[in-house]
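The structure under discussion appears below in the form of structure tokens.
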Amino acid sequence: MLLNQQTDISVIIPTYKPEDYISKCIASLAGQTLPKERYEVIIVLNGCREPYLTQINGVLKGYPALNADVVQTDYGNVSNARNIGLERARGRFIAFVDDDDWISANYLENLLDNAVSDGIVQGNVCAIDDSTGREYPHYAAKAYQRLRNAKTLNVVNARSFLSAVWCKLIPREIIGSAKFDTACIRSQDSLFMFALSKRIKTITLAPADTVYFIRVRTGSASRKQRSWAWKWRMVRVLFARYTRVWLSDIGGYSFLLYLTRMLAAARQYLLR
């Protein structure tokens, strides 16, 4: 289906060899309270083709009113997939959703109601254990609860929200020409958000019932055990990339945020 020439929100979903869970993701987007002419869905299938392309198109046939398009690329890289989505996006705002997650029915409407051109809108988070169905402790959910009564939010005190690109609405003006680093195999989200941080002037929390649901899978790549050599290499790579971004505009980026990103990278890979 051809996408609208102009729309409010572009939802970008990168996917690789999706299982049946992508059906729930698509269904949640089709069930949004926001009128369908106001948002588009771009699904980027990366690193694989069949039977997954047919599978996704089959799911989409069940939602003919959904303004959606599927793009396929043989290059299997989530950052590249998101970059392809950004290139095709026509929305004034961007929302990233992972293929195994889903969103509340009011998610896009509530985010858009609170949107501004110079800041991001953050939603609430609920992580669900895929094997038990129980709510799983998640740093973003804790940050939302901790900060919901804060007088002001900025890129430093709300830095937990800059660790991921999902569960938020980002103005296209803030993204500009920024791209995800395709050479960085982990922590791409936090690096991308750090690159945007100099243009983020405000951070707003959407109502608490604006929920991004995360499916916690024990066998996911992010939970795979790694060697110490791999962990040290990742820390060195991230230090170099954060530093390169910061040095590109020392006056524009928060030095405190830069330091906290470095510490977070060390803690994530060396203390777990």
Restricting attention to segment 156-187, the residues that are on the phi > 0 side of the Ramachandran plot and touching a Phe, Trp or Tyr at 6+ places or on another chain (Cβ under 6 Å) number exactly 1
Filtering segment 142-154 down to residues that are of a type in the set (A, V, I, L, M) and open to solvent by 30 Å² or more (accessible area, probe 1.4 Å) yields ALA150
*asked:* Just checking, does segment 12-31 include any residue being in a strand (DSSP E or B), of a type outside the set (Asp, Glu), under 21 Å from ASP181 (Cβ atoms) and free of Cβ contacts under 8 Å to residues at least 60 places away in the same chain?
replied: no
Considering segment 32-83, residues that are assigned to a loop (DSSP other than H, G, I, E, B) and closer than 22 Å to MET193 by Cα, and then whichever is modelled with the lowest pLDDT, we arrive at GLY76
| Do we find that ILE185 is touching a strand residue (DSSP E or B) at 6+ places or on another chain (Cβ under 6 Å) and of a type outside the set (Phe, Trp, Tyr) in this structure? | no
Counting only residues in segment 84-141 that are touching an Asp or Glu at 6+ places or on another chain (Cβ under 7 Å) and in a loop (DSSP other than H, G, I, E, B), the one most open to solvent (accessible area, probe 1.4 Å) is identified as ARG90
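The values are calculated or read from the model by the stated rules, or taken from the named source; none is laboratory data. All values derive from a computational prediction rather than experimental measurement. Every residue, glycine among them, receives a Cβ derived from its backbone with ideal geometry; neighbour counts consider all protein chains shown. The accessibility values were calculated without ligands, DNA or RNA, using every heavy atom of the protein model including side chains. Shrake-Rupley method; radii C 1.70, N 1.55, O 1.52, S 1.80 Å.
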